[in-house]
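Below is one structure, written out as structure tokens; comments come after it.
The values are calculated or read from the model by the stated rules, or taken from the named source; none is laboratory data. As the structure is a prediction and not an experimental result, all values here were calculated from the model. Cβ sites come from the backbone with ideal geometry, for glycine too, and all protein chains shown count toward neighbours.
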Amino acid sequence: MALAFDEFGRPFIILREQDQKTRLRGIDAQKANIAAGKAVARILRSSLGPKGMDKMLQGPDGDITITNDGATILEQMDVDNQIAKLMVELSRSQDYEIGDGTTGVVVMAGALLEQAERQLDRGIHPIRIAEGYEMASRVAVEHLERISQKFEFDINNFEPLVQTCMTTLSSKIVNRCKRSLAEIAVKAVLAVADLERRDVNLDLIKVEGKVGGKLEDTELIYGILIDKDMSHPQMPKQIEDAHIAILTCPFEPPKPKTKHKVDIDTVEKFQTLRKQEQQYFDEMVQKCKDVGATLVICQWGFDDEANHLLMHRNLPAVRWVGGVELELIAIATGGRIVPRFQELTPEKLGKAGVVREKSFGTTKERMLYIEHCANSKAVTIFIRGGNKMMIEETKRSIHDALCVARNLIRNKSIVYGGGAAEIACSLAVDAAADKYPGVEQYAIRAFAEALDSVPMALAENSGLQPIETLSAVKSQQIKENIPFYGIDCNDVGTNDMREQDVFETLIGKQQQILLATQVVKMILKIDDVISNSEY
Amino acid sequence: MPIDKIFKDDASEEKGERARMASFVGAMAISDLVKSTLGPKGMDKILQSTGRGHAVTVTNDGATILKSLHIDNPAAKVLVDISKVQDDEVGDGTTSVVVLAGELLREAEKLVASKIHPMTIIAGYRMASECARNALLKRVIDNKDNAEKFRSDLLKIAMTTLCSKILSQDKEHFAEMAVDAVFRLKGSTNLEAIQIIKKPGGSLRDSFLDEGFILDKKIGIGQPKRIENANILVANTAMDTDKVKIYGARVRVDSMTKVAEIEGAEKEKMKDKVKKIIGHGINCFVNRQLIYNFPEELFADAGILAIEHADFEGIERLGLVTGGEIASTFDNPESVKLGHCKLIEEIMIGEDKLIHFSGCEMGQACSIVLRGASHHVLDEAERSLHDALCVLSQTVNDTRVLLGGGWPEMVMAKEVDELARKTAGKKSHAIEAFSRALVAIPTTIADNAGLDSAELVAQLRAEHHNEGCNAGIDVISGSVGDMEERGIYEAFKVKQAVLLSATEASEMILRVDEIITCAPRRREDRM
């Protein structure tokens, strides 16, 4: 490490504890960063596409995750390298924003970095490369807009939506029953969607899983499912036309927040206190009964006495319901969450057609279904599957499908999948490159090359000859000037993605390109890495 | 410039072939481990826990064995998981599912070695498992409408399940017991209502099913030991000192006399409570919580049988059996539903006294008393009986049954083989492999019984070439025989679950091409 010395030969201290830090500068820093980014992309590359493989991740506590979802893989990978962490962030932001294409975005970024490395070797300055990438990405995004197609759907005809969700699901382990899962996802999204405002609040869709049964048993419930049972074993298991009181106060004696003491010094006081206590329980139950509730859902626990009183007065109750679930129940049933018994009024009760308890398997597992709610704006997707990992993976896949459906409702434009969009963009960028004078031209060409790597990876994972297949598809696109030709991953026999019904959302694709470019630019701009060496 | 590292220090990454190898090896090791317990002549395993006391379990139950293993291999964990789910879901077939998944992976390994892509294998396996399921569906027997025949089916299923366990000596006896118990449930799968009480001593043959309900508790001192036409109040209330529940209440007094007064009031309160309880017109009182000497004495005075500290399950069952509600307040005796039964008496099993409720209103619940030479035998007997009960209760809901003894596997294998011949492309290799994996189950059963498996399976295959054949391996006589005649039946639901979850698990493991292990969480040194 270079140190600066003053005229007496003493070193200037520029960084604190400078000799304990390792430092990489200039081209070395860029090369090292690029190598790290590429390493991450390499891990994900084989997960891309319908024939992509899964990764098995063993967590720090020995728990196992098997997944195909880029964001999940990266999140659980426990990386230590800063640049690798950037890639993890990248995939996560794609996940937050779009929900799908988390693998693709990392593969894309990896390819861009790989191309940048070559340009660096040629002696092109990293900033020029970054600028070239920026221009190219703009061209690509515009081109995507141009080749995108609007497609029409409405509440009654959601077939196109299902098709798109199926494209997303086909790369997951659940592709065995992608049709039914896609339908479930679309129906769920449509149930909660606000088609006027083109907005979907995914919080209203609850995804619940229970081990057992088979994947085909996965169902969509127009209502809420909670993993609880009635507080008293002898309460009725099914309630028709329920009026639900949603409480956040416990059926217990009051506990004021301020510190206090109730002193008992005479027998009379002892007895009055006892009476009050009994009266208190009685009143609580009576209040619920008075407003006409036929079911009490409470966030807190019940005292034994209160529990029996509820049972006695024929008022079924559920205790220890989580806050999130409580909110969902309130939304679905049109009720209000009541924090105090005094504020309970008939208007604040939620209404549901049927509330029933259902038991599963041979063990004591019960769940509570709340269906036919007054306001059916909340739905639950109930996943069944052979084992825990399967359920977790299905949850992630369903999440992706939900996001895709939501994106389509927001923006109806789609592009064709199977690498078709990337190839078309690559052609467009390549053509645009010639128009730019200057060094950036090379960077733009490199961008076009990098775009090719996604279809290339698709072909590779599908067991096809990558170069041969890609060049064939490319020439076909140019020859016929139709941007719908992609990689035939499933060996169907046609390259036309319109026939195969492989769609992706336009915003998803655009976001992928923009995010990948941004991160690569950021990585390219770093020319100095200072890190604490091992201590 | 090499990248130094992306992962944290202790994290490791295995890729491609190595990853696949690691998961194949792990899965096969697990399947080989439980393989020898499969079938009526399967062997048992001794499990010694590392905890204090080094408790020993002797078992033949796949799920129990796998549950107690500490495994580090990720693929092996997947198999352990499916076995656990099989246990929860249908209760039996926990060994078969692991063995089948292991065999599927063993075949897959060969295919991968001959350069067939895992995705192709998965596609083939899926087709094969669908085809196998349809083959089973075609051959199911459904005796739902014929109650008598259905009962005999159930009996045969129970015997088939039990014959691989320690209870095989007395399987008729236990099968009868299990079927009777399940029939009492009237179609509900709530096995909670069947109570299994284990009492060492006697022999397994002395085990019996009791119509009534047995509570493993003692009757209070000085209280009647036998009550006819009992009215029972089932309660969950504090009968020690009834605390004031209002928060922050405390007693502050300034003289001894006042202490005495308050103590008196407290006693009065308890007395009131007891009086109220007695006011229900009961002659038996069962409480979940403790009953202190004072109230106990009061009950004894009133000639009421008081049972304390019945646990939650006991209380719930008792409520179920006697039809009473579980009460916690006693202010309105007229509307509390009391439980009824004809007779409560103290009985002796072995050396222990138990309380026996007979002639109950609702006959749903019942008790099975298991007797046996040692705790290990009893534990294993309970597990076996539990398996049988689970299978039976599931079969009552899904009444389809199949023949046993390797018959379903051969039927599936035959269909799958035919599918392989019809299928073009590389997938057919995978489909063929699936059928080989299926045949491995009867092979293992025969091997475990010390029979010439190659000979028997070949014979079986030939037999199955005839349409509508009922041949399977009869392990007892060591030959191929007609399963329908020998009365070896299995539940369709179990077989289907085995097939589906084994395929699912092997698919899951096959899809993996990379294993990333995070650094194990460091335990802080607790000094």
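Of the residues examined, residue A:511 is not one that is at pLDDT below 85, closer than 24 Å to residue A:101 by Cα and in contact with an Asp or Glu (Cβ under 9 Å, 6 or more places away or on another chain).
Considered as a group, the residues in the stretch A:180-234 that are of a type in the set (S, T, N, Q) and touching a residue at least 40 places away in the same chain (Cβ under 8 Å) include one that is farthest from residue A:154 (Cα to Cα), and that residue is A:234.
Select the strands (runs of 3 or more DSSP E) contained entirely in the stretch B:1-110, then report the ones holding at least 2 residues which are more than 9 Å from chain A (Cβ to nearest Cβ) and without any contact (Cβ under 8 Å) to a residue 60 or more places away in the chain. Break it down stepwise before answering.
Values: elements: B:12-15, B:45-48, B:56-59.
Passing ranges, in order: B:45-48.
Matching residues to (1) of a type in the set (Asp, Glu); (2) in contact with a strand residue (DSSP E or B) (Cβ under 6 Å, 6 or more places away or on another chain); (3) at positive phi:
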position	(1), (2), (3)
A:54	yes, yes, no
A:58	no, yes, no
A:68	no, yes, no
A:81	no, no, no
A:86	no, no, no
A:90	no, no, no
A:98	no, no, no
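Of the residues that make up the stretch B:248-257, is at least one in the same structural domain as residue B:235 (by the TED database) and closer than 22 Å to residue B:226 by Cα? The answer is no; no qualifying residue exists. Residues in the stretch B:137-170 that are in a helix (DSSP H, G or I) and either under 27 Å from residue B:42 (Cα atoms) or of a type in the set (D, E, K, R) (or both): 21 in all. When residue B:115 is tested against the conditions (1) in a loop (DSSP other than H, G, I, E, B); (2) modelled with pLDDT under 85, the lone failure is (2).
Here's the yes/no breakdown for (1) in contact (Cβ under 8 Å) with a residue 12 or more places away in the chain; (2) outside the structural domain of residue B:96 (by the TED database); (3) touching a Leu at 6+ places or on another chain (Cβ under 8 Å); (4) crowded, with 19+ Cβ neighbours inside 10 Å:
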site	(1), (2), (3), (4)
B:380	yes, yes, no, yes
B:416	yes, no, yes, yes
B:426	yes, no, no, no
B:430	yes, no, yes, yes
B:439	yes, no, no, yes
B:445	yes, no, yes, yes
B:462	no, no, no, no
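Among the residues of the stretch A:461-494, which ones are without any contact (Cβ under 8 Å) to a residue 40 or more places away in the chain, under 22 Å from residue B:117 (Cα atoms) and either of a type outside the set (Ser, Thr, Tyr) or not assigned by the TED database to the domain that holds residue A:41 (or both)? Quick ask: steps written out before the conclusion?
Just the residues of the stretch A:461-494 that are without any contact (Cβ under 8 Å) to a residue 40 or more places away in the chain, to begin with: A:464-469, A:471-472, A:475-476, A:479-482, A:491-494.
From the residues that got through so far, the ones that are under 22 Å from residue B:117 (Cα atoms) too are A:464-469, A:491-494.
Residues satisfying the conditions are A:464, A:465, A:466, A:467, A:468, A:491, A:492, A:493.
The single residue among A:60, A:11 that is of a type outside the set (Phe, Trp, Tyr) and at the interface with chain B (Cβ under 9 Å from one of its Cβ atoms) turns out to be A:60.
Conditions tested, residue by residue: (1) modelled with pLDDT under 85; (2) more than 11 Å from chain B (Cβ to nearest Cβ); (3) under 30 Å from the mean Cα position of the chain (by Cα); (4) more than 30 Å from residue A:102 (Cα to Cα).
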position: A:345; (1), (2), (3), (4): yes, yes, no, yes
position: A:349; (1), (2), (3), (4): yes, yes, no, yes
position: A:352; (1), (2), (3), (4): yes, yes, yes, yes
position: A:360; (1), (2), (3), (4): yes, no, yes, yes
position: A:377; (1), (2), (3), (4): yes, yes, yes, no
position: A:385; (1), (2), (3), (4): yes, no, yes, no
position: A:389; (1), (2), (3), (4): yes, no, yes, no
position: A:404; (1), (2), (3), (4): no, yes, yes, no
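Across the stretch A:269-300, which residue is farthest from the other protein chains (Cβ to nearest Cβ) among those that are outside any helix (DSSP H, G or I) and loosely packed, with under 14 Cβ neighbours inside 10 Å? Quick ask: steps written out before the conclusion?
So in the stretch A:269-300, the residues outside any helix (DSSP H, G or I) come out as A:291-300.
Still in the running and loosely packed, with under 14 Cβ neighbours inside 10 Å: A:292, A:300.
Details: A:292: 20, A:300: 14 Å.
The extreme case among them is A:292.
Give, as residue ranges, the strands (runs of 3 or more DSSP E) completely inside the stretch B:435-527 that count at least 1 residues that are within 14 Å of chain A (Cβ to nearest Cβ) and within 30 Å of the chain's Cα centre (by Cα). Steps first, answer last, please.
Details: elements: B:471-474, B:479-482, B:489-491, B:512-517.
Output list reads B:489-491.
The residue that is nearest to the other protein chains (Cβ to nearest Cβ), among those in the stretch A:163-177 that are closer than 14 Å to residue A:501 by Cα and either buried (at least 22 other Cβ atoms within 10 Å of the Cβ) or at pLDDT below 80 (or both), is A:169.
Does residue A:117 satisfy the criteria of being among the acidic types (Asp, Glu), part of a helix (DSSP H, G or I), in contact (Cβ under 8 Å) with a residue 60 or more places away in the chain and closer than 27 Å to residue A:401 by Cα? Please lay out each step first, then the result.
Working: among the acidic types (Asp, Glu): yes; part of a helix (DSSP H, G or I): yes; in contact (Cβ under 8 Å) with a residue 60 or more places away in the chain: yes; closer than 27 Å to residue A:401 by Cα: no.
For residue A:117, the condition - among the acidic types (Asp, Glu), part of a helix (DSSP H, G or I), in contact (Cβ under 8 Å) with a residue 60 or more places away in the chain and closer than 27 Å to residue A:401 by Cα - is not met.
All told, residue A:216 meets the bar of being surrounded by fewer than 20 Cβ atoms within 10 Å (Cβ to Cβ) and either among the small types (Gly, Ala, Ser) or in contact with a Cys (Cβ under 7 Å, 6 or more places away or on another chain) (or both). When the stretch A:301-345 is filtered for residues that are outside any helix (DSSP H, G or I), touching a helix residue (DSSP H, G or I) at 6+ places or on another chain (Cβ under 9 Å) and either acidic (Asp, Glu) or exposed (fewer than 13 other Cβ atoms within 10 Å of the Cβ) (or both), the ones remaining, listed by number, are A:303, A:314. Kindly indicate whether residue A:200 is within 20 Å of the chain's Cα centre (by Cα), more than 19 Å from residue A:97 (Cβ to Cβ) and not basic (Lys, Arg). So residue A:200 fails the test. Looking at the stretch A:179-259, the strands (runs of 3 or more DSSP E) lying wholly inside it that each contain 1 or more residues that are under 30 Å from residue B:496 (Cα atoms) sit at A:205-211, A:219-221, A:223-226. Screening the stretch A:46-73 for residues that are assigned to a helix (DSSP H, G or I) and in contact with a Leu (Cβ under 7 Å, 6 or more places away or on another chain) and picking the one that is surrounded by the fewest Cβ atoms within 10 Å (Cβ to Cβ) gives A:73.
Applying the criterion of being buried (at least 23 other Cβ atoms within 10 Å of the Cβ) and of a type in the set (Val, Ile, Thr) to the residues of the stretch A:489-522, the residue that is nearest to residue A:32 (Cα to Cα) is A:520. For residue B:126, the stated conditions hold: it is closer than 18 Å to residue B:512 by Cα, surrounded by fewer than 21 Cβ atoms within 10 Å (Cβ to Cβ) and not hydrophobic (A, V, I, L, M, F, W, C). Considering the stretch B:393-409, the residues that are modelled with pLDDT of 85 or more and in a helix (DSSP H, G or I) include one that is nearest to residue B:441 (Cα to Cα), namely B:409. Only one entry of A:137, A:171 meets the criterion of being outside any helix (DSSP H, G or I), more than 25 Å from residue A:333 (Cα to Cα) and not acidic (Asp, Glu), and that entry is A:171. Among the residues making up the stretch B:264-278, those that are facing chain A (nearest Cβ under 10 Å) and surrounded by fewer than 17 Cβ atoms within 10 Å (Cβ to Cβ) are B:264, B:268, B:269, B:272. Counting only strands (runs of 3 or more DSSP E) that sit completely within the stretch A:365-477, those holding 2 or more residues that are among the β-branched types (Val, Ile, Thr) correspond to A:379-385, A:413-416.
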